[in-house]
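The values are calculated or read from the model by the stated rules, or taken from the named source; none is laboratory data. Since the model is a prediction, treat every value here as computed from it, not as a measurement. Cβ placement follows ideal geometry from the backbone for every residue including glycine, while neighbour counts extend to all protein chains displayed.
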Amino acid sequence: MSAAYLTPEYIIERNKERCTNCQICVKQCSFGAHSFLKEEKIVVSDDAKCVNCHRCIVYCPKRALVIKKNPLEFRENANWTDKAIKEIYKQAETGGILLCGMGNDRPYPIYWDHILINASQVTNPSIDPLREPMELKTFLGRKPDKLKIQNGKLMEDLPPQLELEMPVMFSAMSFGSISYNACEALAMAATQLGIMYNTGEGGFHKNLRKYGKNTIVQVASGRFGVDIDYLLAGAAIEIKIGQGAKPGIGGHLPGEKVGPEVSATRMIPLGTDALSPAPHHDIYSIEDLRQLIYSLKEATDYQKPVLVKIAAVHNIAAICSGIARAGADIIVIDGFRGGTGAAPLRIRDNVGIPVEFALAAVDSRLRSEGIRNQISLVCGGSIRNSADIIKAIALGADAVYIGSSALIAMGCHMCQMCYTGKCNWGIATQNPDLAKRLNPKVASTKLVNLLTAWANEMKEMLGGMGINAIESLRGNRLMLRGIGLNDRELNILGIKAAGE
Amino acid sequence: MLTRKSEMLLHEGEIRIPSGCAISGIINKKGKSFSGEDIIKSISLMHERSNGLGGGFAAYGIYPEYKDLYAFHIFYDDFNAKNITEQFLNEFFHIKACDKLPTRKVPGIADAPIIWRYFAKPKEGKIMDLQLNEDDYVMWCVMKINSEIKGAFIISSGKNMGVFKAVGYPEDVAEFYMLDKYKGYCWTAHGRFPTNTPGWWGGAHPFNLLDWTIVHNGEISSYDTNRKYIEMFGYKCTLQTDTEAITYIFDLLVRRHGLPVDIVVSVIASPFWYQIERMDYRLRALMKAIRIVYGSLLVNGPFSIILGFKDGFVALNDRLKLRSLVAAKKGDFVYVASEESAIKIICSQPDTTWYPKGGEPVIAVLDNSDLIGQKAWLFKNIIDMSINKDIFDNDGIYGNIKVTGKIAVNGGISKDFNKEFNKDLDNDMPEDIELLAEVESL
Amino acid sequence: MRILDALNVHYRDLNKIVKELINSGESEIILKNVHGQRYIGAGAKGNHKLIIEGIPGNDMAAYMDGLTISIKGNAQDAVGNTMNSGRIIVYGNAGDIVGYAMRGGEIFILGDVGYRVGIHMKEYEDKKPVIVIGGKAGDFLGEYMAGGIIIILGLNTSDAEDSIGNFCGIGMHGGTIYVRKHVNINKLGKEVIAVEASMEDICIIAGYVKKFSHFFNIDFHSVMKEKFIKLYAHDSRPYGKLYAY
């Protein structure tokens, strides 16, 4: 960040009385915000380098550090905000496209927070989840319209299904965008929880293939690491068309992050850029998607469900109808608040639509076409807690993907600097010294804890609604009411206003 | 406006109105007809469970002289609605007979709509035009009239059966319709306790489509999930009631998907996953498939229902047993009701009385029934029984099953069972129990 | 050797039979009357030979790992999509995106190919994918190319005619394209540098042309007597300066 006109965003305050100049903060900061002056034998800080990731604060044994937002402000201007001005300085200096990490941080409405959940009172009973059975088991995959049963026997086998112990999966995060340890933590936790980990476009590291039963392998436009063994190594295959953070945009893993392990896993030479084209070049139309879906099914003998993941964009309902008819078993909709390791800022902040609307629109559309029961619907794009999941399922999702929440559980502090590869928490980095800060076992335990807690909360909410199986919540929009929404928004969400 | 007490309040179909209730059912398995007096007595005893805002009866076998014709009972708000509806009926049906449904003046019953009944035969040519089978054709016409003709509502559309319902207490409803004068081989009844309603006659129970009728107690929590699923198959939930949704579920699964009744019961009140995991692998595969494919038709939350159809009835509780249900048997009669006293008042000394468990059906059908054209898999030849879900709870060893409850096999021999069998080890299984032979062939 | 008549057989059934034969160790399978059946040889492994008479459908040999497939006729789109190893010989033309994201193996095509051939080809360790095209190629040849070799022979093109289309090698950041005779530099992506092939390059080219001549019964020397132009990426990081960090 050499932009001459830029002033520090944060101020590091060091309490001189507490600081012992132990240099732990110096070692912890990969951005170089702290340094040791050898002659004076003191530790000093450079505010301009601080990204506010809290690493030094958490690790300072003397609690000597505080980071504050820089109170320096431009003359008040509702139009030319600090952010707008600084972005121009930066681009004027570098001539570059602005990059960012994690999901859209702009103050768009968060519709989850405008939806309230029902509970039973008198006319039917709430159920106590601690003592009565409460089922979260979820199956994702293509379902026939009806079963053929004769003499107590199933006359036709069901298409392959993903069996989840709870309707949550870890969304695609590639080895490359996150560290090996982070991948392993996710894979371990998914296995322990009976859910799914997703390789993203980064290939499937050979040491992680033992978690294959709980892994979805992704096929994206770059086809990194994709061969027949890869396709067979997981429980399902996901075709990534787009992601919520950067709809319509490909990927670009800079060569610096392609070390020996990433190189071997993606099957590309050491240190080369890994470019994922914006489209799949074998998909220029919906019938081509069918071709790719069936090439994967043919190659894997129809044993793996195929997911198709798309970003929530304006015409999402019609697109999803096409995907369902193209033969996808599971459709994944990723909303515009979904996270990413790196995305052009303008794309992240301006392209796509909220997943709440997308989900409701898709579910309604597929129902009106009479095909909703045939496919499964997964939604992602900033699911922050168990209530978001309950709301998503009541709006029509079969399950949700979580990415950012899982990273936060592992220690991410949302500094949004993933694209620099300097993640001080050992997550979004390929620097071995930083990556080893993340202990996969410890991180996995945190993930298991988080989702165990969420499962219990979901059971509480289900019980409150008098429901003892998650499938009875699916599309059950009567369990939702809107607050602070206009008629049009309520209409799209297909829910009534609170009090109605 | 005769059928709505108040313009200010929305009625069923415009708003979802949950309700609590009393239910009762009687069948003579030999198909002998008996008057409505017993069912009236039974439902009236549970007066406290209703609040006067709805009562109704379904009676099977009441129109033997017209048994091959669809009998329509229709509520009209006015004569205009009647004219439009009759035009429609004449276009699609040959009306062989029709009359004003006979009623008495009863103090507890007010604001009656115009009620007519028609005995009709579908026009063959029209059926061909629409490329439907006869039942689907009639269903299409019923949906069309109920959703599109303002002020007209078909409350009954089966053959040799009829639904009689009104706003009022069940005993008054029976008096109003003179049900003591009718004779049928199977009766069900309902007393309603809606939580919020202006009281609309069409919204009372039983709900009917073709020969399906449902009386139901409890407010289900899966309503919207269930509704959205069946709507994909062409059903229009015009009343927004649980009863309507459950009726359509049965129609879809039994009549259109051709599933045996016992499988349908496993859809509506499916076993829990922990039970499924302990099942024999074949049964496990079957139950798993049922839950995977029909998960959206699991009826969640409290309910007890009596599903009536031309062969008899199926009574069922939700799988957590959140509503009450009692069953009894005496001779050729089988009784079910929300409360035991409602059975005892008409059958003081039954041969057996039992309390079905959650998710455990009471299937009581005519001796000569083939369970709607198909053999039920577990219950082949068994004419009425209470299957304990323990049958699904076998310990995973193939052939080791536990049967408890009352089982009567074809030929009227009643057997008490409460033991475990191991098919491979236990040779003293009674031969006349077809059930076991069927389990063996799983 | 097994001969199968594919007339009116759905691809799902056809491919199932082929896979079963492969798994049972059948070394050579001839498919007659192929009419657009997709995914032939998709995901197949082994050293088996597959001879296709007719016109195979799209995604032939997708994810293929090892087989040799000969097509006695033209092929459609996406031949050798994401192929890992093996060999494909097309005695005719092939459609668009031949060898998309191909990582290994060889594809020889006697005639012309469509758009975006060799797009996103990449190499890894001992895997170096090769596409040899006897005729000419459509636009976007070798787009995003990250590794491997594409050789365009332009056998039936006149001196005035280009054997490559527009935007050749656009986004290229690895691998090599060899073009016989001449190259119109206006048709190259800005990332691409064109030089005359060195002796070292000619040796590489000769190895593949030898095979090509052998498969298609074409005189090796008359092919090799023309000069070859080598196209390669001037930077393995074409987008390094695109972003502001």
> Counting just the residues of the range A:127-142 that are surrounded by fewer than 18 Cβ atoms within 10 Å (Cβ to Cβ) and within 9 Å of chain B (Cβ to nearest Cβ), which one comes out farthest from A:LEU164 (Cα to Cα)?
Replying inline: A:GLU132
> Do you know which of the residues in the range A:384-419 that are assigned to a helix (DSSP H, G or I) and among the polar types (S, T, N, Q) is nearest to the other protein chains (Cβ to nearest Cβ)?
Replying inline: A:SER386
>> Looking at the range B:137-181 only, could you name the residues that are farther than 19 Å from B:THR85 by Cα and either of a type in the set (Phe, Trp, Tyr) or free of Cβ contacts under 8 Å to residues at least 12 places away in the same chain (or both)?
In response: B:PHE164, B:TYR169, B:PHE176, B:TYR177
> For the range A:151-171, how many residues meet the condition of being surrounded by fewer than 24 Cβ atoms within 10 Å (Cβ to Cβ) and either facing chain B (nearest Cβ under 8 Å) or aromatic (Phe, Trp, Tyr) (or both)?
Replying inline: 6
>> Of everything in the range C:113-128, what is farther than 18 Å from C:SER236 by Cβ, out of contact with any His (no Cβ under 9 Å at 6 or more places or on another chain) and surrounded by 23 or more Cβ atoms within 10 Å (Cβ to Cβ)? Give them in sequence order.
In response: C:VAL113, C:VAL117
>> Quick check on A:ALA343: is it within 12 Å of another protein chain (Cβ to nearest Cβ), buried (at least 24 other Cβ atoms within 10 Å of the Cβ), over 30 Å from C:ALA44 (Cα atoms) and modelled with pLDDT under 95?
In response: yes
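Here's the yes/no breakdown for (1) surrounded by fewer than 22 Cβ atoms within 10 Å (Cβ to Cβ); (2) of a type in the set (Phe, Trp, Tyr); (3) in contact with a Leu (Cβ under 9 Å, 6 or more places away or on another chain):
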| position | (1), (2), (3) |
| --- | --- |
| A:TYR230 | no, yes, no |
| A:GLN243 | no, no, no |
| A:PRO247 | no, no, no |
| A:GLY250 | yes, no, yes |
| A:LEU253 | no, no, yes |
| A:PRO260 | yes, no, yes |
| A:SER263 | yes, no, yes |
| A:PRO269 | yes, no, no |
> Could you list, in sequence order, the residues of the range B:310-326 that are in contact with a helix residue (DSSP H, G or I) (Cβ under 9 Å, 6 or more places away or on another chain), closer than 21 Å to B:SER270 by Cβ and away from every other protein chain (no Cβ under 14 Å)?
Replying inline: B:VAL314, B:LEU316
> In the range A:172-195, is there at least one residue being within 14 Å of another protein chain (Cβ to nearest Cβ) and either outside any loop (DSSP other than H, G, I, E, B) or within 27 Å of A:CYS100 (Cβ to Cβ) (or both)?
Replying inline: no
> How many residues, within the range A:95-126, are under 26 Å from A:GLY380 (Cα atoms) and within 14 Å of chain C (Cβ to nearest Cβ)?
Replying inline: 4
> Applying the selection to the range A:214-247, what residues are more than 11 Å from chain C (Cβ to nearest Cβ), part of a loop (DSSP other than H, G, I, E, B), farther than 16 Å from A:SER295 by Cβ and not small (Gly, Ala, Ser)?
Replying inline: A:GLN243, A:LYS246, A:PRO247
>> Please pick out the residue among A:ILE283, A:ILE331, A:ILE319 that is in a helix (DSSP H, G or I), assigned by TED's automatic domain parsing to the domain that holds A:ILE237 and of a type outside the set (D, E, K, R).
In response: A:ILE319
> From the list B:ILE292, B:ILE306, B:ILE249, which one is modelled with pLDDT of 90 or more, under 19 Å from B:TRP140 (Cα atoms) and β-branched (Val, Ile, Thr)?
Replying inline: B:ILE249
> within 30 Å of A:CYS423 (Cα to Cα) and either modelled with pLDDT under 95 or of a type outside the set (A, V, I, L, M) (or both), is that true of A:ARG348?
Replying inline: yes
> What number of residues in the range A:443-500 are at positive phi and away from chain B (no Cβ under 14 Å)?
Replying inline: 1
> Between a first residue in the range C:225-237 that is within 12 Å of C:GLY169 (Cα to Cα) and a second residue that is among the polar types (S, T, N, Q) and surrounded by fewer than 20 Cβ atoms within 10 Å (Cβ to Cβ), which pairs have beta carbons less than 8 Å apart while being 6 or more apart in sequence or on different chains?
Replying inline: C:LYS230/C:SER198
>> If A:HIS252 satisfies all but one of (1) more than 9 Å from chain C (Cβ to nearest Cβ); (2) in a strand (DSSP E or B), what's the number of the condition it fails?
In response: (1)
>> The conditions are (1) under 21 Å from A:MET417 (Cβ atoms); (2) out of contact with any strand residue (DSSP E or B) (no Cβ under 8 Å at 6 or more places or on another chain); (3) away from every other protein chain (no Cβ under 14 Å), and A:GLU76 fails exactly one of them. Which is it?
In response: (1)
> What is the number of the single condition among (1) more than 17 Å from C:GLY118 (Cβ to Cβ); (2) touching a residue at least 12 places away in the same chain (Cβ under 8 Å); (3) of a type in the set (Gly, Ala, Ser) that C:GLY207 does not meet?
Replying inline: (2)
> A:LYS422 is checked against (1) part of a loop (DSSP other than H, G, I, E, B); (2) under 29 Å from A:GLN192 (Cβ atoms); (3) in contact with a Phe, Trp or Tyr (Cβ under 9 Å, 6 or more places away or on another chain) and fails just one. What number does that condition carry?
Replying inline: (2)
> From the list A:LYS86, A:LYS68, which one is surrounded by 14 or more Cβ atoms within 10 Å (Cβ to Cβ) and outside any loop (DSSP other than H, G, I, E, B)?
Replying inline: A:LYS86
> How do the pairs read when you match residues in the range A:343-355 that are without any contact (Cβ under 8 Å) to a residue 12 or more places away in the chain with residues anywhere that are charged (D, E, K, R), using Cβ under 9 Å and keeping only pairs 6 or more apart or on different chains?
Replying inline: A:ASN350/A:ARG106
>> Against the conditions (1) within 11 Å of chain C (Cβ to nearest Cβ); (2) out of contact with any helix residue (DSSP H, G or I) (no Cβ under 8 Å at 6 or more places or on another chain); (3) closer than 20 Å to A:LEU407 by Cβ, where does A:THR265 fall short? Just the number, please.
In response: (2)
> Counting only residues that are assigned to a strand (DSSP E or B), crowded, with 24+ Cβ neighbours inside 10 Å and within 13 Å of chain A (Cβ to nearest Cβ), how many does the range C:51-89 have?
Replying inline: 2
>> If I filter the range B:256-269 for residues that are part of a loop (DSSP other than H, G, I, E, B), in contact (Cβ under 8 Å) with a residue 60 or more places away in the chain and either away from every other protein chain (no Cβ under 12 Å) or hydrophobic (A, V, I, L, M, F, W, C) (or both), do I get at least one hit?
In response: yes
>> Go through (1) in contact with a Pro (Cβ under 8 Å, 6 or more places away or on another chain); (2) small (Gly, Ala, Ser); (3) farther than 26 Å from A:LYS86 by Cβ for A:GLY426 and report which single condition fails.
In response: (1)
>> Quick check on B:MET143: is it closer than 17 Å to B:ALA245 by Cβ and among the aliphatic types (A, V, I, L, M)?
In response: yes
